[in-house]
Amino acid sequence: MLKKIFLYSKVRAASLLSLAGLLILSLGSYSDTDPSVNLSTLNEPTNLLGYFGSYLADIFYQLFGVASFVIPFSFIVWSYLIYKNERLSWKSLKIISLIMAICCISVVLSRLKINHLPANGGGVFGIYLFNMSVKYLAEFQQLIIPAACLLSALFLILALGIKFTSYVKF
């Protein structure tokens with residue numbers, strides 16, 4: 001029965017949009033004093049989604065930092081594409097591109113110091129990938145952040161399904 005319901009593109013689009021909304025609520029109402037994976041407290045969570053939201057936001061911020069907001073943003077774009085076109089083409093490529101975009105954005109934001117986030121602006125992935133890039137590309141250290149910016153833009157274009165032919169006439 002549930003499989004039959006998800007055959008309708010409107011239901012899939014609404015489900016993806018709801019998931020994006022939950023992620024935005026969780027990430028947007030994050031507090032470093034909420035109970036989480038690495039903080040045990042008797043305080044009630046101030047996160048709008050309660051304990052689930054405080055743990056979810058903490059995990060996302062620890063792993064990806066501020067780049068976590070790319071996930072719900074892409075879910076919103078994908079739900080629009082599903083709603084409009086009734087399907088999402090090249091799903092595997094879009095998911096892989098989204099993962100690569102998040103990693104590149106995390107590298108760019110890894111130097112950003114945000115005190116109330118558990119792992120600064122880039123999260124653990126961003127810090128690790130930046131340090132590995134510096135270690136193995138020491139002579140090109142000044143080019144790591146600009147290259148990560150360009151790669152993140154490229155991967156975001158692929159992940160979101162942006163078609164330049166829709167905007168530019170040749």
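The values are calculated or read from the model by the stated rules, or taken from the named source; none is laboratory data. Only a predicted model underlies this, so the values are computations on that prediction, with no experimental measurement involved. As a convention, Cβ positions derive from the backbone with ideal geometry for all residues, glycine included, and neighbour counts pool all protein chains shown. Heavy atoms of the whole protein, side chains included, go into the accessibility calculation; ligands, DNA and RNA do not. Shrake-Rupley method; radii C 1.70, N 1.55, O 1.52, S 1.80 Å.
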Fill in the blank from the handout: Among residues of the range 76-108 being hydroxyl-bearing (Ser, Thr, Tyr) and farther than 13 Å from Ala14 by Cα, the residue most open to solvent (accessible area, probe 1.4 Å) is Ser92
Problem - Pairs, first more than 20 Å from Thr33 (Cα to Cα) in the range 110-134, second at pLDDT 85 or above and loosely packed, with under 15 Cβ neighbours inside 10 Å, C-beta under 6 Å, six or more apart - result: Val134/Gln141
Handout entry: Total residues in the range 58-88, condition over 17 Å from the mean Cα position of the chain (by Cα) and under 16 Å from Gly28 (Cβ atoms)
Key = 0
Problem - Unmet criterion (only one of (1) in a helix (DSSP H, G or I); (2) more than 21 Å from Leu160 (Cα to Cα); (3) among the hydrophobic types (A, V, I, L, M, F, W, C)) for Leu112 - result: (1)
Exercise for the section: Would you point out the residue of the range 26-59, among those that are touching a residue at least 40 places away in the same chain (Cβ under 8 Å) and in a helix (DSSP H, G or I), that is nearest to Ala119 (Cα to Cα)? Expected result: Asp58
Completion exercise
The condition from (1) in contact (Cβ under 8 Å) with a residue 60 or more places away in the chain; (2) surrounded by 15 or more Cβ atoms within 10 Å (Cβ to Cβ) that Ala14 misses is numbered (2)
Fill in the blank from the handout: Among Leu156, Leu88, the single one that is in a helix (DSSP H, G or I) and of a type in the set (A, V, I, L, M, F, W, C) is Leu156
Problem - Every residue from the range 109-151 that is open to solvent by 40 Å² or more (accessible area, probe 1.4 Å), in contact with a Ser or Thr (Cβ under 6 Å, 6 or more places away or on another chain) and not aromatic (Phe, Trp, Tyr) - result: Ile127
Practice task
Have a look at Phe73, Phe64, Phe69 and point out the one that is of a type in the set (Phe, Trp, Tyr), in a helix (DSSP H, G or I) and buried (at least 20 other Cβ atoms within 10 Å of the Cβ).
Solution key: Phe64
